[in-house]
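The values are calculated or read from the model by the stated rules, or taken from the named source; none is laboratory data. Note that this is a predicted model, so its numbers are computed, not measured. Virtual Cβ from ideal backbone geometry, glycine too; neighbours counted across all protein chains shown. Accessible surface is based on the protein model in full, side chains and every heavy atom, while ligands, DNA and RNA are left aside. Shrake-Rupley method; radii C 1.70, N 1.55, O 1.52, S 1.80 Å.
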Amino acid sequence: PDGICGVWKPNWDWVTCAEPPPCNTSSTGPCICNAGSTGENGGPCTECVAGKYKIASGDDACSNCSAGQDSEAVGTISDVCLVCPTTSNALEASDEEVDCTCN
């Protein structure tokens, strides 16, 4: 039924999500990954890992936190990347504050 999120199955049946769903669903079409999750349309969705985020729904990849930033959050729907402390830096897609190392 419309409005119920679940896992899309090849035979067009639904399995209800136990956790907050990672996809937008409709009884008339395939699963589309929500913001904060990625995967091919019609396939399984996975949450963006720490150090990445995704603002819009769809099959786009998660975006990396920029160099000099980190984020420990998983499945984020906005750029929650934090700037490293002054005189430190981190590689792109860093997933822990300890990744910010002194210059």
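Residue selection: residue 23 fails the criterion of being at pLDDT 90 or above and open to solvent by less than 50 Å² (accessible area, probe 1.4 Å).
The single condition among (1) modelled with pLDDT of 85 or more; (2) open to solvent by 20 Å² or more (accessible area, probe 1.4 Å); (3) in contact with a strand residue (DSSP E or B) (Cβ under 7 Å, 6 or more places away or on another chain) that residue 9 does not meet is (1). Considered as a group, the residues in region 31-45 that are more than 14 Å from residue 76 (Cβ to Cβ) and either assigned to a strand (DSSP E or B) or of a type in the set (Phe, Trp, Tyr) (or both) include one that is most open to solvent (accessible area, probe 1.4 Å), and that residue is 32.
Filtered by the rule that a residue be open to solvent by less than 30 Å² (accessible area, probe 1.4 Å) and either over 18 Å from residue 103 (Cβ atoms) or touching a Gly at 6+ places or on another chain (Cβ under 6 Å) (or both), region 51-86 gives 51, 54, 58, 62, 65, 71, 75, 76, 81, 84.
Which of the residues belonging to region 89-98 are surrounded by 15 or more Cβ atoms within 10 Å (Cβ to Cβ) and either small (Gly, Ala, Ser) or without any contact (Cβ under 8 Å) to a residue 40 or more places away in the chain (or both)? Once the filter is applied, which keeps residues that are surrounded by 15 or more Cβ atoms within 10 Å (Cβ to Cβ) and either small (Gly, Ala, Ser) or without any contact (Cβ under 8 Å) to a residue 40 or more places away in the chain (or both), region 89-98 yields 89, 90, 91, 93, 94.
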